[in-house]
Amino acid sequence: MGIPGSGLAKGLAVTLRTMTKRTVTEQYPDVQPELPSRTRGVIGLFEENCTVCMLCARECPDWCIYIDSHKETVPPAAPGGRERSRNVLDRFAIDFSLCMYCGICIEVCPFDALFWSPEFEYAETDIHELTHERDKLREWMWTVPEPPPLDPGAEQPKEIAAAQKAADKLAAQQAKEAEEAAAAQQAESAQAESGQAGEAPQAKDAGEEA
Ligand code: SF4
Ligand code: SF4
């Protein structure tokens, strides 16, 4: 059996310790909390990157990703080529009343179409409203923070090299087209000048005959 009154002393000691600690109360919603950049608030969809591969929906442990699509035939890229078929997204929705914020869908997406946003203020009074359709998921993309900078000396991502190559190719093509247009204009004006020079002596001859 313990000393009589020791429980009370322990309780008072805890109270005193707590009283002297700095308060950490967040004044939300008057003051917005400073959240870490990798906070799992809501999921944003970058629709242009989605190929409707269904990997995210298949891997989601809660089965709370709903995707509908249909197939479309795309004409061949070059004459004589084969027609291709591609998936067109009709519906992409996430039910955040079921989602457990595990992040598996974002991890498995092979095309970087899903991202975490730190936005968390989307509570609803009607549970059905927690199913966010593609338009809403796209809007969340505006709240996705920029990726952290690369480590010094890190290799550039291959996407940047590919985009740079495409931009260089386009710039070269545009420069070539501008050069050709300038040459054509020059040739046209030279032709017009020579035409005027040929007409002038004829006019002079006509004047002498009169
Ligand atoms: S975070 Fe997890 S539970 Fe939520 S949609 Fe993605 S895979 Fe499903
Ligand atoms: S895994 Fe990515 S690309 Fe595939 S359906 Fe999901 S979001 Fe689209």
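Quick note: the coordinates plus some simple rules give every number you see, no bench work behind them. All of these numbers come straight from a predicted model, not from anything done at the bench. When we count neighbours, we look across all protein chains shown, and the Cβ atoms used for this are built from the backbone with ideal geometry, even at glycine.
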- prompt: Going toward the positive end of the dipole of the chain, with +1 on Lys and Arg Cβ and -1 on Asp and Glu Cβ, which of P145, F46, V74 do you reach last?
  reply: P145
query: Can you give the charge dipole size of the chain about its Cα centre, rounded to the nearest 20 debye, using +1 on the beta carbon of Lys and Arg and -1 on the beta carbon of Asp and Glu?
result: 1760
task: Go ahead and set up a Gaussian network model of the chain, Cα springs under 10 Å, then flag whichever of L130, L16, L170 fluctuates most.
output: L16
statement: Expected vector for region 57-65, Karplus 3J(HN,Hα) from phi with 6.51, -1.76, 1.60 and θ = phi - 60°, integer Hz, x for Gly and Pro, equals 5, 6, 8, 4, x, 9, 6, 10, 10
query: Anyone know which of Q32, Q191, Q164 comes out most mobile in the 10 Å Cα GNM of the chain?
result: Q191
- prompt: Taking amide H positions as placed 1.01 Å from N in the peptide plane, with prolines and chain starts having none, which residues 5 or more places from V42, or on another chain, fall under 5 Å of its amide H?
  reply: S117, E119
task: For the chain, calculate the relative contact order in percent as a whole number, restricting contacts to Cα pairs under 8 Å that are 6 or more residues apart.
output: 21
message: If amide hydrogens are placed 1.01 Å from N in the peptide plane, which non-local residues have theirs closer than 5 Å to the one on V52?
response: none
- prompt: Which one of A182, G2, L35 is farthest out on the positive end of the charge dipole of the chain, using unit charges on Cβ (Lys, Arg +1; Asp, Glu -1) and the Cα centre as origin?
  reply: G2
statement: Final fewest-first order of I160, I3 on the 10 Å Cβ neighbour count is I3, I160
On Cα atoms only, tilt of 6-20 relative to the major axis of the chain in degrees: 30
- line: Long-range amide H partners of L114, meaning residues 5 or more apart or on another chain whose placed amide H is closer than 5 Å, are F46
Across the chain: Cys residues that no other cysteine approaches within a C-beta distance under 4.7 Å: C50, C53, C60, C64, C99, C102, C109
- request: Only loop residues by DSSP count here, and only those with at most 11 other Cβ atoms within 10 Å; note down the chymotrypsin sites (Phe, Trp or Tyr not before Pro) in region 4-87 that meet that.
  value: W63
The chain, helix-only ellipticity at 222 nm - DSSP H runs n ≥ 4, -39,500 (n - 2.57), divided by all residues, nearest 500: -13500 deg cm²/dmol
task: May I ask you to evaluate 6.51 cos²θ - 1.76 cosθ + 1.60, the Karplus curve with θ = phi - 60°, for each residue of region 149-159 and list the ³J(HN,Hα) values in order in whole Hz, giving x for glycine and proline?
output: x, 5, 5, x, x, 6, 5, 5, x, 5, 5
task: Return the single residue from D126, D112, D95 with maximal mean-square fluctuation; model: Gaussian network over the chain, springs between Cα atoms under 10 Å.
output: D126
- request: For region 91-102, take each phi angle, set θ = phi - 60°, evaluate the Karplus expression 6.51 cos²θ - 1.76 cosθ + 1.60, and give the result in whole Hz per residue in order, putting x for glycine and proline.
  value: 8, 9, 9, 10, 8, 6, 7, 9, 4, 10, 6, 6
